[in-house]
Amino acid sequence: MIKYLPKYLLIFITCILLQVVIFNEMQISRFLNPSFYVLFILLLPFETPKWLQLISAFALGLIIDAFMNTAGMNTAAIVFIAFLRPAVLNLVSPREGYEPGSFPRIAQMGFSWFLKYSLILIALHQFALFFIEAMSFNFVGLTLLVALTNTIATTFFVIVSQFIMFKR
Amino acid sequence: MRNLLKLFLKYYAVFLFLLLEFLAFLMLFQQNHYHNAVFLNSASGVVGFINTRAAHVVDYFTLKKENDLLQQENLYLRQKLEEKTAASAEYESTYVDAKVINNSVVRQKNFITINRGEIHGMKKQMGVLSPTGVIGVVENTSPHFASIIPIININFHLSAQLAKNSFYGALGWDGQDPQFAQLHEIPNYVDVQKGDTIVTSGFSYSFDEGKLIGTVHSAEKSSASAFWTIQVKLATNFRNINHVYVIDRAKIEEQKSLEVKHD
């Protein structure tokens, strides 16, 4: 496990910088406001201990919240999906289970597996995030629509990043 | 006891999850109620530094727009100068210019961060203007940065009035469109027309009277209440603010301390 630490630290920092410098600066519309940083949680190795997933999600959320002035909002949403990730991994597991030494990436798991996996977790994250933001069901239709379009946008950028990051 | 420990070890992830969510929501609610309690925000040093860098990158893409804005700004300043020489210096305010280093428009609780802080004299509650109109109020300060709660934040409220007859109401934002805010509490017997100018009322500690907020976009009478529902087209385009002015009202502390005595 420990040998992955520098690599994942690098991914951690890259995800934060991309979110802060590019995606937070986009400001095109409420409907196109992707939470690219969830990529870090998606990419964690299959055998990552639960406590480590939760703690690293918490740290990631805190930092993102600091940049967005949204104390606790992104933290709550990202910890939520870090908690559900093992269950989702179970749900979408291939028939023969995960091969030891494999990672949740397109290159190793295939496109359709990765799309299914990331779409479920990103949708959970976005719906949690935007309902925490709205904190009420006043504009429930609008909130649902915002969460939906942002789920698509985030998934799109996450998938694109796969082709750029792990080309080799 | 051993069973309890076993149970805890088995489900430790659930407990950890609940603990972390509890902390996250604690922060969330604290931010809403007491902004001071937030230790991590965009006004803090490291975050401010990185935001400054990011703002530098974006600067290059907006040079053209920036030029136009500077031109507008010149005009504004020239008018200001005339006003200043003409008007009496009875209630003097000074302006501090600042640059926006972080801005959001797509959330419900939008914030703006500027590159002026306590060492430049920034204090909470100071009003912030753009060359075209009212932006918001200073919310948090650090030595070098300040965060501003703009009109387009659902927690923002400001006393505003109709320029033509000085009827005043409460300006707020419903979290929908960053171009429009809502003016409440204007009685429905008052004459309100599309295009009427909405300005600050002078009842707030942050702004002098008569600062432009926007114009009436639509006004609806509802049979259920005695008040207008007014959509205000904001004079400031929050998507492209770069330079702002913070109002330093010289005598506001005096006014505040006087008014506290009545309580």
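Annotations
- Near pairs, Cβ below 6 angstrom, 6+ apart or cross-chain, from segment A:46-62 (within 8 Å of chain B (Cβ to nearest Cβ) and over 26 Å from residue A:109 (Cα atoms)) to any residue that is hydroxyl-bearing (Ser, Thr, Tyr) and open to solvent by 60 Å² or more (accessible area, probe 1.4 Å): none
- Taking each residue of segment B:233-259 that is within 14 Å of another protein chain (Cβ to nearest Cβ) and in contact (Cβ under 8 Å) with a residue 12 or more places away in the chain and looking for partners that are open to solvent by 20 Å² or more (accessible area, probe 1.4 Å) and assigned to a strand (DSSP E or B) with beta-carbon atoms closer than 8 Å, six or more apart or interchain, yields B:238/B:103; B:241/B:103; B:242/B:99.
- Helices (runs of 4 or more DSSP H) contained in segment A:101-168 and holding at least 3 residues without any contact (Cβ under 8 Å) to a residue 12 or more places away in the chain and within 12 Å of the chain's Cα centre (by Cα): none
- Within segment B:92-104, considering residues that are of a type outside the set (A, V, I, L, M, F, W, C) and modelled with pLDDT of 85 or more, the one most open to solvent (accessible area, probe 1.4 Å): B:99
- Residue match in segment B:26-39 (condition: within 9 Å of another protein chain (Cβ to nearest Cβ), surrounded by 11 or more Cβ atoms within 10 Å (Cβ to Cβ), modelled with pLDDT of 85 or more and farther than 30 Å from residue B:119 by Cβ): yes
- Of all the listed residues (A:132, A:159, A:122, A:152), the sole one being surrounded by fewer than 20 Cβ atoms within 10 Å (Cβ to Cβ), within 19 Å of residue B:106 (Cβ to Cβ) and at pLDDT 90 or above is A:152.
- Filter result (of a type outside the set (A, V, I, L, M) and open to solvent by 50 Å² or more (accessible area, probe 1.4 Å)) within segment B:226-242: B:227, B:229, B:231, B:233, B:237, B:239
- Looking only at segment B:204-225, residues that are open to solvent by less than 20 Å² (accessible area, probe 1.4 Å) and more than 20 Å from the chain's Cα centre (by Cα) come to 0 in all.
- Answer residue from segment B:105-121, given it is under 10 Å from residue B:146 (Cα atoms) and touching a Lys or Arg at 6+ places or on another chain (Cβ under 7 Å) and is most open to solvent (accessible area, probe 1.4 Å) among those: B:115
- Applying the set (1) under 28 Å from residue B:175 (Cβ atoms); (2) within 12 Å of chain B (Cβ to nearest Cβ); (3) in contact with a helix residue (DSSP H, G or I) (Cβ under 6 Å, 6 or more places away or on another chain); (4) assigned to a helix (DSSP H, G or I) to residue A:24 leaves exactly one unmet item: (3).
- Looking across segment A:74-97, the residues that are open to solvent by 60 Å² or more (accessible area, probe 1.4 Å) and not in a helix (DSSP H, G or I) come down to A:95, A:96.
- Any chance residue B:186 is out of contact with any helix residue (DSSP H, G or I) (no Cβ under 8 Å at 6 or more places or on another chain) and either among the aromatic types (Phe, Trp, Tyr) or open to solvent by less than 20 Å² (accessible area, probe 1.4 Å) (or both): yes
- Residue selected from segment A:19-37 under the condition touching a residue at least 60 places away in the same chain (Cβ under 8 Å) and not aromatic (Phe, Trp, Tyr), by the criterion nearest to residue A:65 (Cα to Cα): A:35
- Residue that is under 17 Å from the mean Cα position of the chain (by Cα), within 11 Å of chain B (Cβ to nearest Cβ), open to solvent by 40 Å² or more (accessible area, probe 1.4 Å) and closer than 26 Å to residue B:53 by Cβ, where the choices are A:9, A:17: A:17
- Set A:124, A:148, A:115, A:91: member being closer than 21 Å to residue A:59 by Cβ and away from every other protein chain (no Cβ under 13 Å): A:124
- The residues of segment B:122-147 that are open to solvent by less than 20 Å² (accessible area, probe 1.4 Å) and without any contact (Cβ under 8 Å) to a residue 60 or more places away in the chain amount to a single one, B:136.
The values are calculated or read from the model by the stated rules, or taken from the named source; none is laboratory data. Keep in mind that what you see is a predicted model, and the values were worked out from it rather than measured. All Cβ positions, glycine included, derive from the backbone under ideal geometry; neighbour counts span all protein chains shown. For accessibility, only protein heavy atoms count, side chains too; no ligands or nucleic acids. Shrake-Rupley method; radii C 1.70, N 1.55, O 1.52, S 1.80 Å.
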